[in-house]
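Enquirer: Take this structure, written in structure tokens, and hold onto it; I'll ask about it next.
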Amino acid sequence: MSEFLLKKGKIDDAASNGGVASVAYNDTYVFDASGNLKKMSADALASYRLKKGEGELWVSGKLDVTPLEIELEFRKTGIARKWLENLIVRHVNRQKTLDDSLTVFVRTSEDGTGITCADIPNTSAPPMSKWRNN
């Protein structure tokens, strides 16, 4: 399992910091093992158990990407950090900026352990220039 959070323009490994974010997420999605991207309510996603090859995306604010792009970027990588980075690049290409009010949490399950998605970590993150160079 890997988890990453974009908050105030910075990406960090969310799992290493723990805690629950005090953020109201307006869009929540799961990419399931059958290869379907489904929009889910935050309540439903909070109790969903990720299986191997699945991912979830939580958005607070306006992420300027389409559901198809969310799916395509997940299919290309299946890795949380890369998925989030690619979505942010698409967003910035359209908006020409990254608003500090945008918060995005992603989690992927590579090991098939069935992770419960109840806790959304709140983290402090490295400068954006650091993740762009990876």
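Enquirer: Just a yes or no: is a residue in the range 88-103 modelled with pLDDT of 90 or more, in contact with a helix residue (DSSP H, G or I) (Cβ under 7 Å, 6 or more places away or on another chain) and not β-branched (Val, Ile, Thr)?
Expert: yes
Enquirer: Which residues, counting only those in the range 51-79, are out of contact with any helix residue (DSSP H, G or I) (no Cβ under 6 Å at 6 or more places or on another chain), surrounded by 13 or more Cβ atoms within 10 Å (Cβ to Cβ) and of a type in the set (S, T, N, Q)?
Expert: Selection gives SER60 alone.
Enquirer: In this structure, does TYR48 turn out to be in contact with a helix residue (DSSP H, G or I) (Cβ under 6 Å, 6 or more places away or on another chain), hydroxyl-bearing (Ser, Thr, Tyr) and surrounded by 17 or more Cβ atoms within 10 Å (Cβ to Cβ)?
Expert: no
Enquirer: Counting only residues that are of a type in the set (Val, Ile, Thr) and either without any contact (Cβ under 8 Å) to a residue 12 or more places away in the chain or farther than 11 Å from TYR29 by Cβ (or both), how many does the range 46-61 have?
Expert: Residues flagged as of a type in the set (Val, Ile, Thr) and either without any contact (Cβ under 8 Å) to a residue 12 or more places away in the chain or farther than 11 Å from TYR29 by Cβ (or both) within the range 46-61 amount to 0.
Enquirer: Can LYS62 be described as charged (D, E, K, R) and not in a loop (DSSP other than H, G, I, E, B)?
Expert: Answer is no for this residue.
Enquirer: Would you check if there is a residue in the range 68-89 being assigned to a loop (DSSP other than H, G, I, E, B) and farther than 19 Å from SER109 by Cβ?
Expert: no
The values are calculated or read from the model by the stated rules, or taken from the named source; none is laboratory data. Because the structure is a prediction, the values reported are computed rather than measured. Using ideal geometry, Cβ is built from the backbone for each residue, glycine included, and neighbour counts are taken over all protein chains shown.
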